[in-house]
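Heads up: the structure comes next, in structure tokens.
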Amino acid sequence: MERENRICLRAMKESDVPMAAELERECFSDAWSEKLLLEMIGSSYDEAWVLAHPEGGLIGYLNVRFLAGEGELMRIAVKKEYRGLGYSRKLMEQMVKSAAEMGIQDLTLEVRAGNEPAINLYKSYGFKKEAVRRGYYHDPTEDAFIMWRRGLPVIPS
């Protein structure tokens, strides 16, 4: 357990991209490519954070896009063996903190309608379902819930 306490939350670097792509393949049926991940970390609109294992490797990552006064959670992924241990919460906390520091008050995301663990996580951060995109996801086909957290407190600068 001591080893788990040394897991580091930090900004994603270019050298993390191959491991993030591996996480993508493990977690999503529509995995992002290394090329797309490189573009994401090079974008001025995106922030990406990783949970780095002390012995090397990533156990999770999050990508949020800040654009037009709103934030959108684009991706959150945690390795299967680390789920249920609070690591997704560390990533969510960083997203909320970054949004507040930037004066962003509204956050949105989309999630598979059948992904109860993720939906419960998002609800615990104040996200509420506001819309449904029918048949949005493939492999398997599934609806997407559009969720919003509105009125996030701003951290004064």
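The values are calculated or read from the model by the stated rules, or taken from the named source; none is laboratory data. This structure is a prediction, so every number in the text was calculated from the model and none was measured. When we count neighbours, we look across all protein chains shown, and the Cβ atoms used for this are built from the backbone with ideal geometry, even at glycine. To get the accessible areas, we keep the full protein, side chains included, count just its heavy atoms, and leave off ligands, DNA and RNA. Shrake-Rupley method; radii C 1.70, N 1.55, O 1.52, S 1.80 Å.
Springs join every pair of Cα atoms under 10 Å in this Gaussian network model of the chain, and among Ser88, Ser124, Ser33 the largest mean-square fluctuation is at Ser124.
Cross-link list Lys90/Lys123; Lys80/Lys129; Lys35/Lys128: which exceed 22 angstrom alpha carbon to alpha carbon? Going by Cα-Cα distance, Lys80/Lys129; Lys35/Lys128 fall outside the 22 Å limit. Counting pairwise Cα distances across segment 23-157, what percent come out greater than 17 angstrom? Here the long-distance tail beyond 17 Å is 61 percent of all Cα pairs in segment 23-157.
Positive-end ranking of Leu9, Gly57, Trp148 along the dipole of the chain, with charges on Cβ about the Cα centre, is headed by Trp148. Heavy atoms of the protein chains alone define the surface here; on that basis segment 23-92 has 48 Å² accessible area per residue at 1.4 Å probe size.
Computed from phi, the 3J(HN,Hα) profile of segment 85-91 under the Karplus parametrisation 6.51, -1.76, 1.60 (θ = phi - 60°) reads 10, x, 6, 5, 5, 4, 5 Hz, with x in place of Gly and Pro.
For segment 1-118, the relative contact order works out to 22 percent when only alpha carbon pairs closer than 8 Å and six or more residues apart are counted.
What is the percent carbon and sulfur in the accessible area of the chain, measuring with a 1.4 Å probe over the protein chains and ignoring ligands? Don't skip to the end; give the middle numbers.
Details: 4300 of 8660 Å².
So the carbon and sulfur contribution to the accessible surface is 50 percent.
The 3J(HN,Hα) values that the Karplus relation (6.51, -1.76, 1.60; θ = phi - 60°) gives for segment 112-124 are, in residue order, 4, 4, x, 8, 4, x, 5, 4, 5, 4, 5, 4, 5 Hz. Gly and Pro appear as x. When +1 charges are put on Lys and Arg Cβ atoms and -1 charges on Asp and Glu Cβ atoms, the dipole computed for segment 6-157 relative to its Cα centre reaches about 520 debye. Taking a sphere under 10 Å around the Cβ of Arg112 and counting the other residues whose Cβ falls inside, with K and R at +1 and D and E at -1, yields a net charge of -4.
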